[in-house]
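Beneath this line is the structure, given in structure tokens, with notes to follow.
The values are calculated or read from the model by the stated rules, or taken from the named source; none is laboratory data. Computed from a predicted structure; not experimentally measured. Neighbour counts run over all protein chains shown; Cβ positions are idealised from the backbone, glycine included. These accessible areas exclude ligands, DNA and RNA; they are computed on the full protein's heavy atoms, side chains included. Shrake-Rupley method; radii C 1.70, N 1.55, O 1.52, S 1.80 Å.
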Amino acid sequence: MPAAVRKPAAVSMVMPCYNEEACLKTTARDLLEAFDRSGVALELVLVDNGSRDRTGEIIDGLIAEGQPVVKVSVAVNQGYGSGVLEGLKACTAPLAGYLCADGQVAAEEAVRTYQEASRAAGPTLAKVRRRFRKDSWRRKLVSVLYNFGMQAAFGWLGSIDLNASPKVFPRVALASLRLESRDWFLDPELMIKAKHLGLQIRERDVEGLARAGGKSNVRYSTCLQFMKNIFRYRFGSEHRAWKRAVRPLTAADLGLASSPSGEGRQPQ
């Protein structure tokens, strides 16, 4: 549909893409079609996160087709979180979120996650929890230890799969969240800060799928970086200063009002 006749987007979804030519066309189309079938106006923000393959060309092709796609280009890859943060700057819908480009969660689950957030009666972060993941036993073990370690360090964060996406939340909450992690720690940073701001966490079980194509960009060095960031957030002065500077969010802060259907509250 031409941009001139599109209705305003109900949700903006950011998809950071780093060398994802093998799967991006499939995963992006699946997401666009799932939202279209549901009658939900989607703004898909595709971030060429410093890719060295045809990722940027594929994004350009989707835009040329008239798809509701916004392209953000990062010249040099600075990490997964950096791609998400740059994409969030381009979002315009009342609800914003992000998900990986690898297709490890079905596109229909992104729609359901949006619906969960849009119907919530108060400030809410909606997300998924991956069940029956198609990962090696070693990666599953690392995930379990990491998630329980985070709960031990920061208390209950409302999730036992902190890094799972899609995640959807009110876009205006970004001003208070002040997200800064440019690596894979962006997900736990969001969950830690969402807890302090009083966002309700709504987590749904979904099936974890195999990658739609390409290779994972997670390395052993990623685990070391996680440990460093956990220590910094648990004991560092920067996070304590952030906590002192903000207060829990209310519905009024986010411009939420009761929806006509009475199902919940909607960002205005």
Whenever you get a sec, compute what percent of the accessible area on the chain sits on carbon and sulfur atoms (1.4 Å probe).
-> 54
Gap in Å between the Cα centre of segment 159-207 and the Cα centre of segment 67-104?
-> 15
Gaussian network model of the chain, Cα springs within a sub-10 Å range: biggest mean-square fluctuation belongs to which of 41, 117, 96?
-> 41
With the 8 Å Cα cutoff and a minimum separation of six or more residues, segment 112-185 has a relative contact order in percent of 44
Distances over 32 Å make up what percent of all Cα-Cα pairs in the chain?
-> 19
Can you tell me the dipole magnitude for the chain around its Cα centre, using point charges on the Cβ only (Lys, Arg +1; Asp, Glu -1), in Debye to the nearest 20?
-> 980
So for R0 = 25 Å, FRET eff. of residue 73-residue 234 from the Cβ-Cβ r, to 0.05, ends up at 0.10
Taking only protein heavy atoms and a 1.4 Å probe, what accessible area per residue, in Å², does the chain have with all protein chains in place?
-> 48
Farthest toward positive dipole pole in the chain [+1 Lys/Arg, -1 Asp/Glu at C-beta], among 184, 82, 233 = 233
With +1 on each Lys and Arg Cβ and -1 on each Asp and Glu Cβ, and nothing else charged, work out how big the dipole of segment 59-181 is about its Cα centre, in Debye to the nearest 20.
-> 460
Only helical DSSP H runs with n ≥ 4 go in: add -39500 (n - 2.57) per run for the chain, normalise by residue count and round the 222 nm mean residue ellipticity to 500 deg cm²/dmol.
-> -12000 deg cm²/dmol
Among 92, 126, 168, which residue has its Cα positioned farthest towards the positive end of the charge dipole of segment 83-195, with +1 placed on the Cβ of Lys and Arg, -1 on the Cβ of Asp and Glu, and the dipole taken about the Cα centre?
-> 126
Just 128, 142, 70 to compare: in a GNM of the chain, with alpha carbon springs under 10 Å, which one fluctuates most?
-> 142
Between residue 244 and residue 131, Cβ-based FRET efficiency (R0 30 Å, step 0.05) works out to 0.20
Placing each pseudo-label 7 Å from Cα in the direction of the beta carbon, residue 90 and residue 179 end up separated by a distance in nanometres of 1.5
